[in-house]
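Here is the structure we will look at.
The values are calculated or read from the model by the stated rules, or taken from the named source; none is laboratory data. In this text, all values refer to a predicted model and were calculated from it rather than measured experimentally. Neighbour counts run over all protein chains shown; Cβ positions are idealised from the backbone, glycine included.
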Amino acid sequence: MFTVYGPGVTDPMRLERLLNKPSVRQPSQVQRVLESKLEVASRTHQTASSLPSAYQVYREQERTSQSSKPLHAAQVMVSPVIFLYDEDSLEQAYEVLAHHHIRHLPLLSKATGRLVGILSDRDMCRCQCASRDARHTQSTQLKDMMEPHVLAAHPDADVRDIARVFVEKHLGAMPIVEEHELVGMLTRSDILRVVMLHLNLDVWK
């Protein structure tokens, strides 16, 4: 389950609402022929050893994919999370990002302690041109320049689903929230580490 957080916003949504649904393509003639042959083989109750090897491989892959265990966000996320409050200054954000060598900074409400926004190094770069944009100075409060709608995931969310959201929504990081409390942070770099540790890609759909 994913949730959008922000000032006055808490909107739970399922993965299907986030991702672009691919258009349904009609099966090709070759696919129809293969499917009809598989149906004939099934009706005649042939044994597995007498079926075509491609059919056996297909069934084996299907069983493997069904039995693969999901990798949850809680197993990959970084915790505890480095964060700032929405009332902190732009200067403080510069110092935190530089000191911890991170690129995304979740922002919590000073009043409620809940997630209300997120700030990235790209947002910071846009604000570096203080001479061109007099609205933002070193004392600017982060709530005046943060991204106010933040997509967050539950700790039980499948990492594969989060990776798909990263790609389709062009995100670089996602806060992990449980019962409105920030419990972790997951970035593209964390996803890449998972790929490095699972070179056989058995965790991917």
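A few notes on this one:
- Residue among V165, V195 that alone is modelled with pLDDT of 90 or more, in a helix (DSSP H, G or I) and within 22 Å of K69 (Cα to Cα): V165
- Of all residues in the stretch 154-184, those satisfying the criterion of being under 12 Å from L115 (Cα atoms) and touching a strand residue (DSSP E or B) at 6+ places or on another chain (Cβ under 9 Å) are M174, P175, I176, V177, E178, H180, E181, L182, V183, G184.
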